[in-house]
Amino acid sequence: MKDIVVIKCGGSTIAELSEEFFKSVVTMQKNGKHPIIVHGGGPAINQLLQKLDIKSEFVDGLRKTTEDVLDTAEMVLCGKVNKQVVTSLHQAGGQAVGLSGCDGKLIEVKPVNEGMLGYVGEPTKVNTNLLLSLMELNMIPVVAPIGMNNEGTHYNVNADSAAGAIAKELGAEQLVFVTDVDGILKDGKCLEKVSTEEIESYIADGTIYGGMIPKVKAALSTLTGNIQSVMIMNGKSTNVGKDGSVQGTTIIKSKIKLYVS
Ligand SMILES: Nc1ncnc2c1ncn2[C@@H]1O[C@H](COP(=O)(O)OP(=O)(O)O)[C@@H](O)[C@H]1O
Ligand SMILES: CC(=O)N[C@@H](CCC(=O)OP(=O)(O)O)C(=O)O
């Protein structure tokens with residue numbers, strides 16, 4: 001299906017997304033695009049883990065996931081955050097359906113590194129039939145990043161990599177990461193355009209670290225497919241330029257001159 005736009009809403013910003021944001025997603029759909037929301041929920045998972053006195057830590061932006069951490073992440077992502085996003089879209093006048101990567105076997109996974117990270121999965125296959133059927137019915141799919149392997153074991157999937165895999169498999173037109181920073185920052189300034197070649201060196205020299213790593217890795221893997229560019233933008237501010245263009249960092253395939261805004 002053409003005109004698919006995958007929007008990843010980061011847990012860092014999800015609670016602050018405005019009514020206007022959700023209305024713009026609904027309007028996008030009314031104008032003929034097919035939006036899909038993939039959401040995170042890292043801070044909300046942290047809060048419940050803290051209440052339950054369960055420790056967790058991150059390695060390069062991925063949460064080490066024991067059985068207890070997986071149960072908590074699944075409760076928060078599929079039970080709480082997913083339904084909040086679905087509700088916000090309904091309030092904005094849209095029709096949305098929430099699902100996790102287990103529903104319709106949407107996201108099949110394999111462990112990233114069981115010894116080091118436990119139940120953290122990376123997508124190996126995305127079964128898009130359910131998403132396509134929902135979009136045919138004018139529903140906006142809202143995906144929580146919990147995946148499943150062939151044996152039915154559930155895994156915690158970073159929401160950026162889930163969004164990247166879904167966008168790639170669907171041959172989406174656009175992939176947008178909505179987060180809590182204006183884009184990729186270097187020396188305090190937001191980079192307007194970054195090429196795939198430059199990403200590797202920014203990870204190596206520490207310019208890109210932590211939660212930005214899964215985003216740029218998902219962008220790199222997606223840009224090998226249909227998508228021509230991936231955008232990272234701030235969900236906490238409007239960030240719309242005078243000409244109506246959205247501001248943020250665009251990650252592009254080819255190496256071009258870097259502009260600093
Ligand atoms: N070069 C960079 N530019 C901007 N943010 C970066 C950079 N490197 C690391 N980060 C971190 O990435 C964070 C966004 O990732 P994350 O916290 O996982 O958000 P989300 O929940 O939206 O996925 C930023 O708040 C920032 O701390
Ligand atoms: C394996 C892994 O890191 N899973 C993430 C899933 C949620 C997520 O990705 O949320 P953000 O969008 O807020 O980063 C986690 O447990 O936090």
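What follows draws every value from the coordinates through simple rules; no lab data is involved. Everything numeric here is computed off the predicted structure, so don't read it as measured data. Here Cβ is always computed from backbone atoms with ideal geometry, including for glycine, and neighbour counts include all displayed protein chains.
How much FRET efficiency would the formula 1/(1 + (r/R0)^6) give for residue 197 and residue 58, where r is the Cβ-Cβ distance and R0 is 25 Å, rounded to 0.05?
0.40
Taking every DSSP beta bridge with both residues inside the chain, roughly what % is antiparallel (nearest 5)?
40 percent
Sort 161, 195, 88 by Cβ crowding within 10 Å, fewest neighbours at the top.
Going from sparsest to densest Cβ surroundings: 195, 88, 161.
In terms of modelled amide H atoms, which long-range or inter-chain residues lie less than 5 Å from the amide H of residue 100?
Long-range HN contacts for residue 100: 144.
Can you give me the long-range amide H partners of residue 186? Hydrogens built in the peptide plane at 1.01 Å from N, cutoff under 5 Å, separation of 5 or more residues or another chain.
HN-HN under 5 Å from residue 186: 191.
Which semi-axis lengths, in whole Å and largest first, follow from the square roots of five times the eigenvalues of the Cα gyration tensor of the stretch 1-99?
Values: eigenvalues 169, 37, 25 Å².
They are 29, 14, 11 Å, listed from largest to smallest.
Rank these for me by crowding, 119, 155, 202, 209, going from fewest to most other beta carbons within 10 Å.
On the way: 119 25, 155 29, 202 18, 209 12.
Lowest count first: 209, 202, 119, 155.
What number results when the radius of gyration of the stretch 120-215, computed over Cα atoms, is divided by 2.2 N^0.38 Å? Mind dumping the intermediate values first?
Details: Rg = 15.9 Å, N = 96, 2.2 N^0.38 = 12.5 Å.
In units of the 2.2 N^0.38 Å rule of thumb, it is 1.28.
With a cut-off of 8 Å between alpha carbons and a minimum separation of six or more residues, what is the relative contact order of the stretch 36-94 in percent? Display every interim value, and only then the final one.
Values: 26 pairs, mean separation 22.2, N = 59.
Worked out over the stretch 36-94, it gives 38 percent.
Among 215, 2, what is the fewest-to-most ranking by other Cβ atoms within 10 Å?
So the residues, fewest neighbours to most, are 2, 215.
Compute the signed sum of charges (Lys and Arg +1, Asp and Glu -1) over the other residues within less than 15 Å, Cβ to Cβ, of residue 39.
Details: positive: 8, 80, 83, 215; negative: 16, 74, 103, 160, 180.
Neighbourhood net charge equals -1.
Using a 10 Å cut-off on Cβ atoms, rank the peptides 124-131, 74-81, 39-46 from the highest mean neighbour count down.
By packing density, highest mean first, the sequence is 39-46, 74-81, 124-131.
Give me the aspartates and glutamates in straight-line cross-link reach of residue 64: C-alpha distance below 18 Å, same-chain residues under 8 apart excluded.
Here the aspartates and glutamates satisfying the reach criterion relative to residue 64 are 53, 74, 114, 122, 160.
With each pseudo-label sitting 7 Å past Cα toward Cβ, what's the residue 236-residue 136 distance in nm, one decimal?
If labels sit at residue 236 and residue 136, their model points lie 4.2 nm apart.
Give, as a single signed number, the net charge of other residues whose beta carbon lies under 15 Å from the beta carbon of residue 203, with Lys and Arg counted +1 and Asp and Glu -1.
-3
Cross-link list 8/217; 8/168; 23/80; 80/168; 193/236: which exceed 18 angstrom alpha carbon to alpha carbon?
Where the Cα-Cα span goes over 18 Å, the pairs concerned are 23/80; 80/168; 193/236.
Restricting the count to DSSP beta bridges whose residues both fall in the stretch 81-216, what percent are antiparallel, rounded to a multiple of 5?
So the antiparallel bridges in the stretch 81-216 amount to around 60 percent.
In deg cm²/dmol and to the nearest 500, what is the mean residue ellipticity at 222 nm of the chain if only DSSP H runs of at least 4 residues count, each as -39500 (n - 2.57), divided by the residue total? It would help to have the intermediate numbers written out before the result.
Working: 9 runs with 84 residues, N = 261.
That comes out to -9000 deg cm²/dmol.
Percentage of Cα-Cα pair distances in the chain greater than 25 Å, rounded to whole percent?
Within the chain, distances greater than 25 Å cover 40 percent of Cα pairs.
Among residues other than residue 130 whose Cβ falls under 10 Å from its Cβ, what is the net charge (Lys/Arg +1, Asp/Glu -1)?
Taking every other residue near residue 130 into account, the sum is 0.
Express the relative contact order of the chain as a whole percentage, based on alpha carbon pairs under 8 Å and six or more residues apart in sequence. Don't skip to the answer; put the middle values down first.
Details: 552 pairs, mean separation 58.4, N = 261.
After rounding, I find 22 percent.
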